[in-house]
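Since every read-out is calculated from the coordinates, none of them should be taken as a lab result. Because the structure is predicted, anything quoted here is derived from the model rather than measured. Cβ atoms come from the backbone with ideal geometry, glycine included; neighbour counts cover every protein chain shown.
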Amino acid sequence: MSASAFTVIIPSRLSSTRLPSKALADIHGKPMVVRVAERARQSAASRVIVATDHTDIQAACTAHGIDSILTDSAHQSGSTRLAEAVQILGLPENEIIVNVQGDEPMIPSALIDRV
């Protein structure tokens, strides 16, 4: 891994309280979580992975060629979902992980790179 290599993990859950199924909300023909992953792919990240608790989100990712993994539905935050994803993926301790929230479809890829 080069000094600048990093992995983006996007925690995403289906049960949003303020906007139900927010991760799957349509934004110009694609689910929000897919739009977020597309932005992350425009960054210098070596990998972009969606960590989700729901098969509907995973299916949307698969349909759009986005890597995803299923995590436990009991997580109280995206950070703990991300930590589980790191364990599932078996990422090394020195791996740089950038946590991009699943409801940021307009995040500039340059901002991800700067993190």
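Tell me, what is the FRET efficiency for ASP56 and ALA110 to the nearest 0.05, using R0 = 41 angstrom and their Cβ-Cβ distance as r?
0.85
Could you list which residues have their amide H under 5 Å from that of VAL98, counting only those 5 or more apart in sequence or on another chain, with H placed in the peptide plane?
THR7, VAL8, ILE9
Mind checking which of ALA37, ILE27, ILE49 is farthest towards the positive end of region 7-114's charge dipole, using Cβ charges of +1 (Lys, Arg) and -1 (Asp, Glu) about the Cα centre?
In region 7-114, that residue is ILE27.
From the list (1) 99; (2) 114; (3) 134, can you say which value of volume of the Cα convex hull per residue in Å³ was derived from the structure given?
It is the value labelled (1).
Starting at the first residue of region 35-47, write each ³J(HN,Hα) from the Karplus equation 6.51 cos²θ - 1.76 cosθ + 1.60 with θ = phi - 60°, in whole Hz, x for Gly and Pro.
Per residue, the Karplus-derived 3J(HN,Hα) values read 4, 4, 4, 4, 4, 5, 5, 6, 7, 8, 4, 7, 8 Hz.
Summing -39500 (n - 2.57) over the DSSP H runs of n ≥ 4 in the chain and dividing by its residue number, what mean residue ellipticity at 222 nm do you reach, to the nearest 500 deg cm²/dmol?
That calculation yields -9000 deg cm²/dmol at 222 nm.
Please turn the phi angles of region 83-94 into ³J(HN,Hα) values with the Karplus equation 6.51 cos²θ - 1.76 cosθ + 1.60 (θ = phi - 60°), one per residue in order, whole Hz, x for glycine and proline.
Values, residue by residue: 4, 5, 4, 4, 5, 4, 6, x, 5, x, 4, 8 Hz.
Step through the residues of region 58-68 one at a time and calculate ³J(HN,Hα) from phi using the Karplus curve (6.51 cos²θ - 1.76 cosθ + 1.60, θ = phi - 60°), rounding each to whole Hz and writing x for Gly and Pro.
4, 5, 5, 4, 4, 4, 10, x, 9, 5, 8
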